[in-house]
Every structure is written in C-alpha cells, then in structure tokens.
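Enquirer: Dropping the structure in here first, questions after.
The values are calculated or read from the model by the stated rules, or taken from the named source; none is laboratory data. Just so it is clear, the structure is predicted and the values come from calculations on it, not from any experiment. Glycine gets a Cβ as well: all are built from the backbone with ideal geometry, and neighbour counts include every protein chain shown.
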Amino acid sequence: MARIAGINLPNEKKIKISLTYIFGIGRASAVDIAVKAGVDPEKKTGELSDKEVADIQTTVKEYVVEGDLRRSVRNDIQRLRSTGTYRGLRHRRGLPVRGQRSRTNARTRKGRRRSPGGRK
C-alpha cells in the first residue's frame, strides 16, 4: 500500500483515482501529477515500484494538500467571520453562503426541522 502525503492509497484502484483520496487533489490534478512523475495514470497503485511512488511523492509536494490546505481554508473562513462580512455572517449562522435560497431547502446547512410545540 502506497503512502503519499500521510494517506494510505488503495492498491486495487488506478493511480488517477487513488490520488483523489488526498484532500486537495481532484481527478484532473491527479492525472497531471501522474504524468509529471512519469507514471501511467491507468496503472494500479499496487503495481507501482518504490521509485515511482517516490516520484509521485516529490510531485505532490509541489501542491498544497491535506493539513496545510485544511488550515488555509479554516483561516479564510475565520477571517470572513471576524471581519463581519456577509459571507462571514452566513458561516457563523450556519446558512448557505453562496447565494442559495434558504426559505425552502437548505436542509444540509440548516439542520433538521424543529417543530415549535412538538409533533402531533
């Protein structure tokens, strides 16, 4: 099992899919990383040699991934909240941030419905 950026990648999946298990790497950037490292994106992760894994690791280090990216996103949201912007208020109240309607729907952000007097 290959370990890249602190994540164990699954052996039975293609490298272009298994790289997406790393936070901050999507399908397109996974293919780019494989090509830059000189590895066939269609190759399974379990078939990689130690040299190919090392090449992929050095290529992934050029990207902001995992802990650094999570920290950056959290700091960006905290900055919005502390400056009192509209987006920051939406984050603080747990409502949709990007202009979606919230009169109906938005259940994922708002949470389950709370009925005011109990259920009948």
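Enquirer: Give the residues of region 18-31 that are in contact with a Ser or Thr (Cβ under 9 Å, 6 or more places away or on another chain) and either crowded, with 17+ Cβ neighbours inside 10 Å or of a type in the set (S, T, N, Q) (or both), sorted by residue number.
Expert: Selection gives S18, L19, T20, S29, A30.
Enquirer: I would also like to ask the following. Quick check on I25: is it under 17 Å from V64 (Cα atoms) and not in a helix (DSSP H, G or I)?
Expert: Working: under 17 Å from V64 (Cα atoms): yes; not in a helix (DSSP H, G or I): yes.
In short, yes.
Enquirer: Please pick out the residue among V39, V64, V31 that is more than 24 Å from V97 (Cβ to Cβ), in a loop (DSSP other than H, G, I, E, B) and among the aliphatic types (A, V, I, L, M).
Expert: V39
Enquirer: Taking G88 as the residue in question, decide whether it is small (G, A, S) and not in a helix (DSSP H, G or I).
Expert: Working: small (G, A, S): yes; not in a helix (DSSP H, G or I): no.
Criteria not met by G88.
Enquirer: Answer with yes or no whether K51 is without any contact (Cβ under 8 Å) to a residue 60 or more places away in the chain and touching a helix residue (DSSP H, G or I) at 6+ places or on another chain (Cβ under 9 Å). Even if it seems obvious, please write down each step before you answer.
Expert: Details: without any contact (Cβ under 8 Å) to a residue 60 or more places away in the chain: yes; touching a helix residue (DSSP H, G or I) at 6+ places or on another chain (Cβ under 9 Å): no.
Criteria not met by K51.
Enquirer: So if I check each of N75, N105, which one is farther than 30 Å from A30 by Cβ and out of contact with any Ser or Thr (no Cβ under 6 Å at 6 or more places or on another chain)? Before the answer, list the steps.
Expert: Values: N75 fails: farther than 30 Å from A30 by Cβ.
Among N75, N105, only N105 is farther than 30 Å from A30 by Cβ and out of contact with any Ser or Thr (no Cβ under 6 Å at 6 or more places or on another chain).
Enquirer: Going by the conditions given, is T104 surrounded by fewer than 13 Cβ atoms within 10 Å (Cβ to Cβ), assigned to a helix (DSSP H, G or I) and modelled with pLDDT under 95?
Expert: Here the answer is no, as T104 does not meet what is asked.
Enquirer: Quickly run through region 1-13 and pick out the residues that are surrounded by fewer than 18 Cβ atoms within 10 Å (Cβ to Cβ) and not in a loop (DSSP other than H, G, I, E, B).
Expert: Of everything in region 1-13, those that are surrounded by fewer than 18 Cβ atoms within 10 Å (Cβ to Cβ) and not in a loop (DSSP other than H, G, I, E, B) turn out to be R3, I7, N8.
Enquirer: Pairs, please: C-beta under 9 Å, at least 6 apart or cross-chain, first residue more than 14 Å from D32 (Cβ to Cβ) and in region 54-72, second part of a loop (DSSP other than H, G, I, E, B) and charged (D, E, K, R)?
Expert: none
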